[in-house]
Structures are given as C-alpha cells and as structure tokens.
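Inspection log for the structure reproduced underneath, given as structure tokens.
Readers should treat all values here as calculations from the given coordinates under stated rules, not as data from a laboratory. All values derive from a computational prediction rather than experimental measurement.
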Amino acid sequence: MPHPRKIDTALIGIVITIVLQLAGGLWWAATMSGRVDKLEADVAPARQVAETVARLDERFKAMEASTQRIERKMDAAETRR
C-alpha cells in the first residue's frame with residue numbers, strides 16, 4: 001500500500017499543474033481578446049470605405065444605364081434624319 005504522504009504530494013503536483021495551465025489559458029485568452037479588439041478597431045474604417053464603394057458602384061451602374069438610354073435615343077434620332 002502506497003504511503004499516504006506520497007499520494008498527497010502527487011495530488012498537490014497535479015493541482016499545481018492544473019492551476020498553472022489554467023493561468024496560462026487565461027493569459028492567452030486575454031492576449032487574444034486584446035488582439036481582436038485592436039483588429040476590430042483597425043477594420044472599422046475599412047467597413048466605412050467598403051460601404052462607400054458599394055454606394056458608388058450603384059451610382060455608377062445607374063449612370064451607365066442612363067448613358068446607354070441617352071445613346072439609344074441619339075442613335076434613333078440620327079437614323080430618322
């Protein structure tokens with residue numbers, strides 16, 4: 001039968017290992033949270049730019065459609081002459 005003192009020492013070693021791993025995991029999670037916060041702050045202006053580009057793209061499509069209508073009307077007017 002193992003000596004009770006050795007069992008307590010092994011148990012203490014396991015508990016210390018688990019506590020250290022938990023502390024390491026918490027530190028890693030805090031570091032990742034800080035990185036994510038920084039990346040979100042860096043990406044926020046890019047979102048605004050993407051929205052602006054999308055609006056400009058829609059305006060361009062509308063202008064292109066208007067230009068095509070004008071060209072068709074001009075072509076029709078030229079063929080009537």
#### Entry: Integer Hz, Karplus 6.51/-1.76/1.60 couplings in order for the stretch 50-55, x for Gly and Pro
4, 5, 5, 4, 5, 5
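Okay, helix-only estimate at 222 nm for the chain: each DSSP H run of n ≥ 4 adds -39500 (n - 2.57), divide by all residues, round to 500 deg cm²/dmol; what do you get? Mind showing how you got there, number by number?
On the way: 1 runs with 77 residues, N = 81.
When only DSSP H runs of four or more count, the value is -36500 deg cm²/dmol.
If one computes P(r) from the Cα atoms of the chain, what percent of pairs lie at distances over 17 Å?
Values: 2426 of 3240 pairs.
Looking at the chain, the distances longer than 17 Å represent 75 percent of pairs.
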